[in-house]
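Below: one structure, written as structure tokens.
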């Protein structure tokens, strides 16, 4: 059966990063402020890794 | 004169037996946190895990079945099955209603499979967190 939701690599990865960052932020730190900060930082790391790996693969396929 | 209750201690949730908390956390993502009166965190965990699982279904991800053979096959299929099973009721209800997606080529299906397993793995983190709160190892 065909998927009823079709996302690009970028969209799917961003969604994955978002959910993972929320959970990592909630379970890791002690105060709400620390949780928010850690969640945002995790998400930023995910996005940086995503863009970096994307460029690396683009260069590898040239 | 009776000792005054410590305000920090009175803010703690009532002690819950950890097996109940762990079981509820597994069955309902974030449920253990709700039981321990950590509703905000429970809602965030529940929202993340449930949404991730639903996106995985909408992308028609494959559910893993335990399979043994060489080491890599065993790790991937048994590990994937444990990840899927960790979604609790979401997994049980989905399989009960006959969701069966064959493993086909395509990046959307592949992301769906990863979303289903990833939701289960995030739920394991939530279970461990609820367990530690129940034991008062963390707030």
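For a footprinting-style exposure proxy, rank B:138, B:114 by other Cβ within 10 Å, fewest first. Let's see the in-between values first.
Working: B:138 11, B:114 19.
Exposure proxy ranking, most exposed first: B:138, B:114.
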Between helix B:107-134 and chain B: long-axis angle, C-alpha atoms, 0 to 90°, nearest 10: 20
In degrees, nearest ten, helix A:32-60 long axis to first principal axis of chain A (Cα): 20
In nm, to one decimal, how far is the residue B:27 label point from the residue B:73 one, both placed 7 Å along Cα→Cβ? 3.6
Between helix B:71-85 and chain B, what is the angle of the helix's C-alpha long axis to the longest principal axis, kept within 0 to 90° and rounded to the nearest 10? 50
Can you pull the three principal axis extents for the Cα set of chain B, in Å, largest first? 73, 30, 24
Please state the relative contact order of segment B:16-134 as a whole percent: Cα pairs under 8 Å, 6+ residues apart? 39
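Across the residues of A:26-32, average count of Cβ atoms on other protein chains within 10 Å?
Numbers: counts 14, 14, 2, 1, 2, 1, 2.
Mean number of neighbouring Cβ atoms from other chains: 5.
Once you average over the residues of B:95-108, how many Cβ atoms of partner chains fall within 10 Å of each Cβ? Let's see the in-between values first.
On the way: counts 0, 0, 0, 0, 0, 1, 2, 1, 0, 3, 0, 3, 5, 9.
Mean inter-chain Cβ contacts per residue within 10 Å come to 2.
Defining a contact as two alpha carbons under 8 Å apart and six or more residues distant in sequence, what relative contact order in percent does segment A:2-62 show?
Details: 28 pairs, mean separation 17.4, N = 61.
Value for segment A:2-62: 28 percent.
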Express the relative contact order of segment B:21-73 as a whole percentage, based on alpha carbon pairs under 8 Å and six or more residues apart in sequence. 22
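What does the helix-only formula give at 222 nm for the protein assembly as shown: each DSSP H stretch with n ≥ 4 adding -39500 (n - 2.57), the total divided by the residues, and the result rounded to the nearest 500 deg cm²/dmol? Kindly include the intermediate steps, with their values, before the conclusion.
Numbers: 9 runs with 139 residues, N = 201.
It lands at -23000 deg cm²/dmol.
In which sequence would A:16, B:115 go, from the one with the fewest C-beta neighbours within 10 Å to the one with the most? The partial results should precede the final answer.
Numbers: A:16 20, B:115 25.
With the sparsest Cβ surroundings first, the list reads A:16, B:115.
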Highest-MSF residue in chain B out of B:103, B:129, B:70 [GNM, Cα springs under 10 Å]: B:70
Using only Cα atoms, locate the centre of segment B:33-59 and the centre of segment B:61-89, then give the distance between them in Å, rounded to an integer. 22
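When a footprinting reagent is the concern and you count Cβ atoms within 10 Å, what order do B:132, A:34 take, fewest first? Before the final figure, lay out each step's value.
Details: B:132 15, A:34 12.
Ordered from fewest to most neighbouring Cβ atoms within 10 Å, B:132, A:34 come out as A:34, B:132.
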GNM flexibility winner over chain B from B:50, B:21, B:104 (Cα, springs under 10 Å): B:104
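Give me the Kirkwood hydrodynamic radius of the protein assembly as shown in Å, from all C-alpha pairs, to one decimal place? Before the final figure, lay out each step's value.
Details: mean 1/r = 0.0544 Å⁻¹.
Here the Kirkwood hydrodynamic radius works out to 18.4 Å.
Only the coordinates and a few stated rules stand behind these numbers; no lab work does. Just so it is clear, the model here is predicted, and its values are computed rather than measured. Here Cβ is always computed from backbone atoms with ideal geometry, including for glycine, and neighbour counts include all displayed protein chains.
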